[in-house]
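Structure record follows, encoded as structure tokens.
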Amino acid sequence: VHNGGLYKRPFNEAFEETPMLVAVLTYVGYGVLTLFGYLRDFMRQWKIEKCQNATEREEQKDFVPLYQDFENFYNRNLYMRIRDSWNRPICSVPGAKVDMMERVSHDYNWTFTYTGRVIKDIINMGSYNYLGFAQKTGPCQEAAAKVLSQYGAGVCSTRQEMGNLDKHEELEKLVARFLGVESAMAYGMGFATNSMNIPALVRKGCLILSDELNHASLVLGARLSGATIRIFKHNNMQSLEKLLKDAIVHGQPRTRRPWKKILILVEGIYSMEGSIVRLPEVIALKKKYKSYLYLDEAHSIGALGPSGRGVVEYFGLNPEDVDVMMGTFTKSFGAAGGYIGGKKELIDYLRTYSHSAVYATSMSPPVVEQIITSMKCIMGEDGTSVGKARVQQLAENTRYFRRRLKEMGFIIYGNEDSPVVPLMLYMPAKIGAFGREMLKRNIGVVVVGFPATPIIESRARFCLSAAHTKEMLDTV
């Protein structure tokens, strides 16, 4: 409540607690599955049931096991039962609707065979195609096709050798203007933007304060850096402030010297929870304790804010208050790659010291053109209001869909403005059942269970897009 003055707009997030009965039934469900798993393993050991999974030969038994025991057990006996819910092969553009190749399994999901039939017009609720730019017609496609014929598909060199094109320079200037920062740098892979740049920014003797629900790329980058990592509770400012106070009071372990740098790592939208970072409070704490802020806008850039400029614009804040602005082109822009924006000194430093900048092959020219065209469309520089209309449509779709699901009595996680909508399923049997039943009704949904979520918090995750019509959302 005392931080309410920092917000210029209402901030409503809900994480309803698991009902006790549901939690108990979920644990019972996992207990039953585990018991049957041990029974089947016993039968496999005595050759009563055929063993389908890869096993070590007798002479390898003395080696260090390849998998952790529980991981292997979970894969064999729990994941395998519902494996058909993932890796479904799509054979069309991942727009508002997709076509999917039908497959069947005759050995309980150990192997799949294709029937040759294509399931047409499945409503796509799984792609992060927030603004609907993943399409095969329109200005983006035409521009990308033109650049493909002019520059080819690949550059076959790093930026610092022979791979620096005028298109790359144009993209970086445009990104900097879009974000409202001094300079920006683009990378060919979103995951590597995090995992390769964090080690360039912090090292041994530095401290990273990371949200407990940060993406794997941020976690990997933090671990590779060699810095000390401390975790704060998700979006919990009291937890973050306590860690900041302790870091300043106690300094480094043993020596008690002050930390060289303190870097706070947060995301704009958390892709499993559908929550939005409490950015005004994070920035206030960052200024109070003189630390640095690294903001990952993979899911929020293009998807939040009145003109799609992400979580900074959503809260009406100054981009200069965020030291490192990171985001990806893989979602709202329908392309591939990532970027980092900030002060010119930061970007010049990364051009020299970031592994991703020095060793990685430069971005493919048609992909760069897809980003340039879609970004100009969002900014209204293509002479139309299509981009602005898409941003508004996404916001309307998000609120409408969330409201309707809540009215139906489902437990929905996250912020009311987040286009990622987790619908809680809890029970293990529901994970597979929900995915299959939705597919029968021509709706493609991502279902998520352990280890991507806590074991009793399985969920279905809907990703909304500006390309979805009201009729499609009503059907879903």
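The values are calculated or read from the model by the stated rules, or taken from the named source; none is laboratory data. This one's a predicted model, so the numbers in the text were calculated from it and none came from an experiment. Because the Cβ atoms are built from the backbone with ideal geometry, glycine has one as well, and the counts that use them run over all protein chains shown. Calculation scope for accessible area: heavy atoms of the full protein, side chains included, ligands and nucleic acids excluded. Shrake-Rupley method; radii C 1.70, N 1.55, O 1.52, S 1.80 Å.
Between Phe232, Ile283, Ala303, the Cα set farthest toward the positive side of the dipole of the chain (charges on each charged residue's Cβ, about the Cα centre) is that of Phe232. With the convex hull drawn over the C-alpha atoms of the chain, the volume per residue is 191 Å³.
Ranking request for peptides 326-334, 285-293: highest mean number of other beta-carbon atoms within 10 Å first, then the rest in descending order. It would help to have the intermediate numbers written out before the result.
On the way: 326-334: 27.6, 285-293: 16.6.
The most tightly packed comes first, giving 326-334, 285-293.
A 1.4 Å probe run over the protein chains yields, for the chain, 49 Å² of accessible area per residue, whole-number rounding.
Taking a straight Cα-Cα cut-off under 16 Å and skipping sequence neighbours fewer than 8 places away in the same chain, the lysines within cross-link reach of Lys288 are Lys242, Lys245, Lys261.
Annotation for Leu213 and Asp69: the two label points, set 7 Å from Cα along the Cα-Cβ direction, are 3.3 nm apart. A Stokes-Einstein calculation at 10 °C with viscosity 1.306 mPa s, built on the Kirkwood radius of region 11-170 over Cα pairs, returns a diffusion coefficient of 73 µm²/s. Its Kirkwood hydrodynamic radius, worked out from the mean inverse distance over all distinct Cα pairs, puts region 139-379 at 18.3 Å. Within the straight-line cut-off of under 14 Å between alpha carbons, the aspartates and glutamates reachable from Lys376 are Glu170, Glu172, sequence neighbours fewer than 8 places apart in one chain being disregarded. Could you please state, rounded to a whole Å, how far the C-alpha centre of region 447-476 is from the C-alpha centre of region 85-132? Their Cα centres are 15 Å away from one another. Under a model in which nothing but the beta-carbon of Lys, Arg (+1) and Asp, Glu (-1) is charged, region 1-132 shows a dipole of about 440 debye around its Cα centre.
Give, rounded to the nearest 20 debye, the magnitude of the charge dipole that region 139-379 has about its Cα centre when Lys and Arg contribute +1 at Cβ and Asp and Glu contribute -1 at Cβ. It would help to have the intermediate numbers written out before the result.
Values: 28 positive and 23 negative charges, 230 e Å.
About 1100 debye.
Label region 254-348 by shape, choosing from rounded, prolate and oblate, from the square roots a ≥ b ≥ c of the eigenvalues of the Cα gyration tensor; if a/c is under 1.5 it is rounded, and otherwise prolate applies when a/b is larger than b/c, oblate when it is not. It is prolate, given that a/c is not under 1.5 and a/b is the larger ratio. Loop-only trypsin sites (Lys or Arg not before Pro) in region 57-98, please: DSSP not H, G, I, E or B, and at most 12 other Cβ atoms within 10 Å. Passing both the DSSP loop test and the Cβ count: Arg57, Lys61. Positive-end ranking of Val391, Ala467, Ala433 along the dipole of region 350-476, with charges on Cβ about the Cα centre, is headed by Ala433. Partner aspartates and glutamates whose Cα lies under 17 Å from the Cα of Lys47, excluding those fewer than 8 positions away in the same chain, are identified as Glu56, Glu58, Asp107.
Can you bin region 56-128 into rounded, prolate or oblate? Criterion: square roots of the alpha carbon gyration tensor eigenvalues sorted a ≥ b ≥ c, rounded for a/c under 1.5, prolate for a/b above b/c, oblate for the rest.
Working: a/c = 3.29, a/b = 2.34, b/c = 1.41.
It is prolate, given that a/c is not under 1.5 and a/b is the larger ratio.
To put it simply, the accessible area of the chain at a 1.4 Å probe is 57 percent carbon and sulfur. You can think of it this way: the chain between Lys233 and Ile455 has 78.1 nm of extra reach, that is 0.36 nm per residue less the Cα-Cα gap.
Do the alpha carbons of any pairs in Lys286/Lys406; Lys173/Lys287; Lys204/Lys287; Lys61/Lys204; Lys233/Lys343; Lys204/Lys344 sit beyond 32 Å of each other, and which pairs? Don't skip to the end; give the middle numbers.
Working: Lys286/Lys406 35 Å; Lys173/Lys287 28 Å; Lys204/Lys287 23 Å; Lys61/Lys204 39 Å; Lys233/Lys343 29 Å; Lys204/Lys344 25 Å.
Over 32 Å apart, Cα to Cα: Lys286/Lys406; Lys61/Lys204.
For the peptides 146-153, 229-236, the ranking by packing is 229-236, 146-153, with the highest mean count of neighbouring Cβ atoms within 10 Å listed first. Based on the Cβ-Cβ distance from Lys440 to Phe36, what FRET efficiency comes out when R0 is 22 Å, to the nearest 0.05? Approximately 0.30, to the nearest 0.05.
When the solvent-accessible surface of protein heavy atoms is calculated with a 1.4 angstrom probe, in what order do Cys377, Cys91, Cys156 fall, highest first? Could the numbers behind the result be given before it?
Details: Cys377 10, Cys91 60, Cys156 125 Å².
So, going from the largest accessible area down, we get Cys156, Cys91, Cys377.
You can think of it this way: the chain between Glu169 and Ala433 has 90.2 nm of extra reach, that is 0.36 nm per residue less the Cα-Cα gap. With Cα atoms defining each centre, region 392-420 and region 264-281 are spaced 17 Å apart in the structure.
Sorting the segments 312-319, 161-168, 271-278 by their residues' average number of neighbouring beta-carbon atoms within 10 angstrom, most packed first, yields 271-278, 312-319, 161-168. How far apart, in nm, are two points set 7 Å out from the Cα along the Cα-to-Cβ line at Glu58 and at Arg223? Once both label points are built, they end up 3.7 nm from each other.
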